[in-house]
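Working notes, structure below.
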Amino acid sequence: MKSHVRVAVIGGGVIGCSTLYHLAHLGWTDTALFERSELTSGSTWHAAAGFGVLHDDTNMARLNYYTIECYRKLEAETGQSCGIHTTGSLYLAETEDRMDQLRIMEAKAKHLGFVFDFVAPGDLAKHHPLLDVSKLKGAWYQPDEGHLDPSGMTHAFAKGARQLGAEVHRFTKVLETNPRPDGSWEVVTDKGTVIAENLVNAAGLWAREVGKMAGLDLPLIPMEHMYFVTESIPEIEALEEELPSVSDRDAEYYMRQEGKGLLVGTYERDGKHWAVEGTPWDFGHELLPDDLERISENVERAIERTPVLGTTGIKSVINGPMVWSPDSSGLLGPVPGLSNYYAACGIMTGIGSGGGLGKSVAEWIVEGEPEWHLASLDVARFGDYFTKDFILARSKENYGTRFRMHFPQEQLSSGRPLRARESYNQQADQGAVFGVSFGWENPQYFALTEQERDPGYAYRRGKWFGPVGRECRALRETGGIIDTSPYAKYVVSGPVAERWLDGLVTNRLPQNMGRVTLCPMVNERGRLIADFTVTRLDRDRFFLVGSGSAVKFHQRLLQDAKPDDGVDFENLTDGWAGFSISGPRARDFMRDLAGCDVSPEAMPLLTGLETSFAGHRAMVLRVSFTGELGYEVYCPGKGYAEVYGALRAAAKRYGIAFCGTLAQDSLRLEKGYGSVFTEYTSDYTPYDAGLGRFVKLDKGPFTGRDALESMSAMAPSWRLCLFTVESDDADCIGSEPVWKDERIVGETTSGSYGFCVRKSLALAYIETPDADPGAGFEIPVLGRKRPAVLLDRPPYDPDGLKLRQ
Ligand SMILES: Cc1cc2nc3c(=O)[nH]c(=O)nc-3n(C[C@H](O)[C@H](O)[C@H](O)COP(=O)(O)OP(=O)(O)OC[C@H]3O[C@@H](n4cnc5c(N)ncnc54)[C@H](O)[C@@H]3O)c2cc1C
């Protein structure tokens with residue numbers, strides 16, 4: 001065993017081995033993987049081992065597609081069989097909602113270059129003669145999906161890595177991971193100690209325990225997952241070709257051929273946790289006791305659809321543990337607060353995504369970031385606010401609803417409220433229908449009647465549509481208050497604060513006291529990674545506001561990266577609450593409550609100051625994300641109930657409405673404003689996103705400057721464009737392909753109905769040569785192409801006169 005390596009990977013399941021392999025392919029072979037037992041001694045060995053391509057998140061679909069290609073290449077490269085069976089998959093639809101979902105997938109598949117073809121129920125027998133299609137409305141066929149041998153595939157990754165020089169230490173248990181002052185790690189194993197410049201926690205079922213070795217409390221919990229394999233079935237024995245896999249989500253089971261029988265797996269509604277207090281270290285190649293009774297409802301539905309299951313005996317039952325995070329996506333990437341420590345755990349589709357996940361972790365380590373924007377997997381999407389009860393409740397709800405329909409904007413209910421501000425009870429009193437942002441309860445809209453309380457989320461416009469429209473119109477007609485409490489809020493100060501911040505953002509920091517500037521941040525590749533509203537409070541003191549769900553991403557960029565001396569960093573996000581007020585009467589409202597002169601002369605657009613509001617300490621900014629005359633106000637959370645009471649009273653006096661996040665989203669689209677994590681992601685540059693005016697190449701060095709300079713002379717590859725889409729009952733949800741002359745020329749990032757312009761709107765990145773304003777475009781809504789018009793100016797107040805009043 002070496003005494004020093006560049007990377008130590010803990011865990012020899014599919015994820016650890018894939019990471020080691022991809023590190024080696026990026027040229028990092030001074031690496032070692034430690035596996036406490038034989039390779040694949042966690043969840044990997046007993047997986048049903050199905051792999052699929054399609055995913056709601058476009059980059060996850062790309063990652064899955066890469067995974068399939070990677071497995072094929074791996075076999076050729078190592079000579080180790082991965083036991084790949086490319087059987088194709090059928091996705092069945094019994095309801096209209098499922099049809100909508102699969103049509104949306106079909107459109108996305110075209111964009112990504114995959115086949116996903118509709119099959120009428122009457123034609124299904126050609127693909128799968130054992131299905132009873134009587135209740136089906138339709139199905140889709142994907143030819144590249146299938147299943148493989150998880151053990152063979154994991155060993156192939158290990159072999160491929162070893163061939164390039166990486167070390168794999170089996171039967172070597174990691175006992176301790178101790179941080180060293182230089183940012184490296186002391187990895188203590190039962191066979192000796194290694195110093196690792198970087199550490200990867202790919203310990204799967206034991207990721208919690210391995211995390212604790214570094215003081216981490218990862219929000220993970222194992223759940224039991226069961227599938228069974230039937231005896232041989234004569235009808236299958238008679239077939240020449242293997243049957244395709246079946247994803248029958250309406251009936252809540254999956255199925256594929258195994259040998260000459262069938263394998264059926266379920267996500268039962270009443271899922272069961274396992275090893276809540278910690279995964280036993282002596283758990284090895286074992287299974288958990290069968291409990292077919294627990295999945296009997298799902299099995300009955302499977303029998304109804306595939307009657308032969310009801311007359312065939314069960315050969316074996318596999319009940320194994322798999323790890324879940326609170327939102328059921330994995331935990332990947334550099335862990336905020338720790339140096340050179342990478343998470344690669346919490347993965348519950350390790351077979352289907354293993355290649356792409358290992359590739360992404362390796363890129364994060366070697367290149368500083370993965371090729372694709374992967375916020376939905378990034379460990380930084382979670383804060384430290386989770387309780388054990390929440391993790392238990394949420395994992396159970398996610399497990400039990402894994403195959404149910406999930407709609408855009410829909411909110412899970414378990415474990416809430418987890419974090420609530422002092423204003424929560426008053427907002428509930430006002431009829432707030434809450435969503436969650438970074439754990440915080442945040443109104444999506446306000447219901448004025450009992451009927452409006454049920455949002456009725458669906459792909460088509462639901463019951464929320466009426467109240468949200470009312471809020472949008474009220475805000476533009478008189479004024480509206482939107483809760484911005486979850487926004488990230490920081491004070492950066494100290495003698496070196498200006499120089500340090502200036503080196504991180506692309507724009508010039510505000511030069512004069514009380515001025516505000518918009519400051520994007522990019523990575524070394526010149527891709528967008530954050531966007532802040534920066535106010536200069538003093539010569540050496542700045543107030544930053546950013547996306548609330550990016551707090552932990554910001555920690556990596558700011559808190560963890562700041563110099564030890566000369567910069568103080570204060571995170572006000574949790575401690576402070578806030579709101580935005582915008583619309584024609586916003587200034588009257590502010591005049592009443594703000595402790596400063598809010599006249600246009602004293603407080604023009606893009607100014608801000610420390611003052612008071614309703615008698616409480618406050619930061620007041622003259623900014624607006626709705627396109628109206630507007631302000632944002634931030635106050636300490638303690639005492640905010642009183643501030644909120646004053647808000648309500650003043651709102652009543654001026655006829656100002658309380659609005660939710662759904663209204664905000666519609667209003668921003670009427671102005672064509674982009675948002676972090678939808679438009680502003682590391683897939684695009686500021687030039688693509690139309691933020692080029694916030695890049696000042698002549699201001700001196702800053703992160704990503706070289707990359708941006710090399711781009712500045714050329715036309716950007718993409719252009720962020722606003723479209724109107726002809727649609728009467730649904731709107732774009734993001735990730736729809738944009739067509740022009742029968743070619744796909746771009747992809748939507750978000751969509752909404754514009755209540756005040758009375759049009760369905762979508763933002764989309766379009767390849768620059770095709771981004772000419774006018775008609776001739778088509779964008780699918782619910783999978784069906786609709787005529788779309790590229791606007792050269794936003795449809796609401798195109799000259800921005802209202803904003804500047
Ligand atoms: C019944 C079942 C069916 C499934 N079906 C599918 C499917 O069809 N498709 C799909 O994509 N996914 C499926 N999965 C999920 C899939 O198995 C997992 O996502 C995947 O195996 C996770 O791999 P991993 O490498 O993250 O973790 P693991 O496989 O758990 O590997 C972690 C490894 O780390 C080692 N380790 C832990 N601690 C230490 C330590 N201190 N020192 C050294 N080594 C250590 C362990 O021994 C283990 O080998 C299924 C899971 C189950 C339970």
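Some observations on this one:
- Long-range neighbours under 8 Å by Cβ, at least six apart or interchain, first residue on the phi > 0 side of the Ramachandran plot within the stretch 412-430, second aromatic (F, W, Y): G415/F390
- Residue within the stretch 73-95 that is in a helix (DSSP H, G or I), within 16 Å of the ligand (Cβ to nearest atom) and either modelled with pLDDT of 95 or more or more than 30 Å from V738 (Cα to Cα) (or both) present: yes
- Residue satisfying all of: in the stretch 49-78; buried (at least 21 other Cβ atoms within 10 Å of the Cβ) and of a type in the set (G, A, S); nearest to the chain's Cα centre (by Cα) among these: A61
- From the options P326, P370, P334, residue that is crowded, with 22+ Cβ neighbours inside 10 Å and at pLDDT below 95: P326
- Test: residue in the stretch 10-31 that is within 25 Å of D290 (Cα to Cα), aliphatic (A, V, I, L, M) and assigned to a loop (DSSP other than H, G, I, E, B): no
- Considering the stretch 328-348, the residues that are among the aliphatic types (A, V, I, L, M) and under 29 Å from E224 (Cβ atoms) include one that is farthest from the ligand (Cβ to nearest atom), namely V335.
- Per the conditions (1) within 14 Å of the ligand (Cβ to nearest atom); (2) surrounded by fewer than 23 Cβ atoms within 10 Å (Cβ to Cβ); (3) over 30 Å from M105 (Cβ atoms); (4) within 28 Å of the chain's Cα centre (by Cα), the sole criterion not satisfied by L175 is (4).
- Members of the stretch 32-41 that are outside any loop (DSSP other than H, G, I, E, B) and near the ligand (Cβ under 6 Å from one of its atoms): F34
- The set of residues from the stretch 195-213 being more than 12 Å from the ligand (Cβ to nearest atom), surrounded by fewer than 23 Cβ atoms within 10 Å (Cβ to Cβ) and either within 24 Å of the chain's Cα centre (by Cα) or among the hydrophobic types (A, V, I, L, M, F, W, C) (or both) comprises just one member, I195.
Quick grid of which residues meet (1) out of contact with any Leu (no Cβ under 9 Å at 6 or more places or on another chain); (2) of a type outside the set (S, T, N, Q); (3) more than 6 Å from the ligand (Cβ to nearest atom); (4) under 29 Å from G113 (Cα atoms):
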residue	(1), (2), (3), (4)
S18	no, no, yes, yes
T29	no, no, yes, no
S43	no, no, no, no
G52	yes, yes, yes, yes
D56	yes, yes, yes, yes
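- Among the residues of the stretch 253-270, just one is surrounded by 21 or more Cβ atoms within 10 Å (Cβ to Cβ) and either at positive phi or among the basic types (K, R) (or both), namely R256.
- Residues of the stretch 432-454 satisfying the condition of being out of contact with any helix residue (DSSP H, G or I) (no Cβ under 7 Å at 6 or more places or on another chain) and within 24 Å of F625 (Cα to Cα): A432, F434, V436, G439, W440
- All told, G608 meets the bar of being crowded, with 21+ Cβ neighbours inside 10 Å and over 25 Å from R473 (Cα atoms).
- The strands (runs of 3 or more DSSP E) falling completely within the stretch 181-276 that include 2 or more residues that are β-branched (V, I, T) map to 185-189, 192-201, 221-230, 261-266.
- Among (1) under 26 Å from V7 (Cα atoms); (2) β-branched (V, I, T); (3) part of a helix (DSSP H, G or I) - the single one I347 does not satisfy: (3)
- Picking from residues in the stretch 611-650 that are small (G, A, S) and farther than 24 Å from R419 by Cβ, the one that is surrounded by the most Cβ atoms within 10 Å (Cβ to Cβ) is G630.
- For the stretch 291-319, the set of residues classified as farther than 20 Å from S247 by Cβ and either within 11 Å of the ligand (Cβ to nearest atom) or buried (at least 22 other Cβ atoms within 10 Å of the Cβ) (or both) consists of V317, N319, listed by residue number.
- Inside the stretch 425-451, residues that are buried (at least 17 other Cβ atoms within 10 Å of the Cβ), within 24 Å of G466 (Cβ to Cβ) and not acidic (D, E) make up a count of 15.
- Residue pairs meeting the criteria (Cβ under 8 Å; at least 6 apart or on separate chains; first over 22 Å from P798 (Cβ atoms), in the stretch 741-769; second polar (S, T, N, Q)): E747/T58; E747/S735; E767/S717
- Summed over the stretch 386-440, the residues that are closer than 24 Å to Y267 by Cα, part of a helix (DSSP H, G or I) and in contact with an Asp or Glu (Cβ under 9 Å, 6 or more places away or on another chain) give a count of 5.
- Taken over the stretch 670-717, residues that are closer than 30 Å to G469 by Cβ and free of Cβ contacts under 8 Å to residues at least 40 places away in the same chain amount to 1.
- Some residue of the stretch 178-192 being more than 10 Å from the ligand (Cβ to nearest atom) and surrounded by 23 or more Cβ atoms within 10 Å (Cβ to Cβ): yes
- Of all the criteria given as (1) surrounded by fewer than 18 Cβ atoms within 10 Å (Cβ to Cβ); (2) within 22 Å of N201 (Cα to Cα), the one not satisfied by A343 is (1).
- Residues in the stretch 271-289 that are surrounded by fewer than 17 Cβ atoms within 10 Å (Cβ to Cβ) and touching a Ser or Thr at 6+ places or on another chain (Cβ under 9 Å) were compared, and the one that is nearest to G346 (Cα to Cα) is H273.
The values are calculated or read from the model by the stated rules, or taken from the named source; none is laboratory data. Note that the structure is predicted; figures quoted are calculated from it, not measured. Here Cβ is always computed from backbone atoms with ideal geometry, including for glycine, and neighbour counts include all displayed protein chains.
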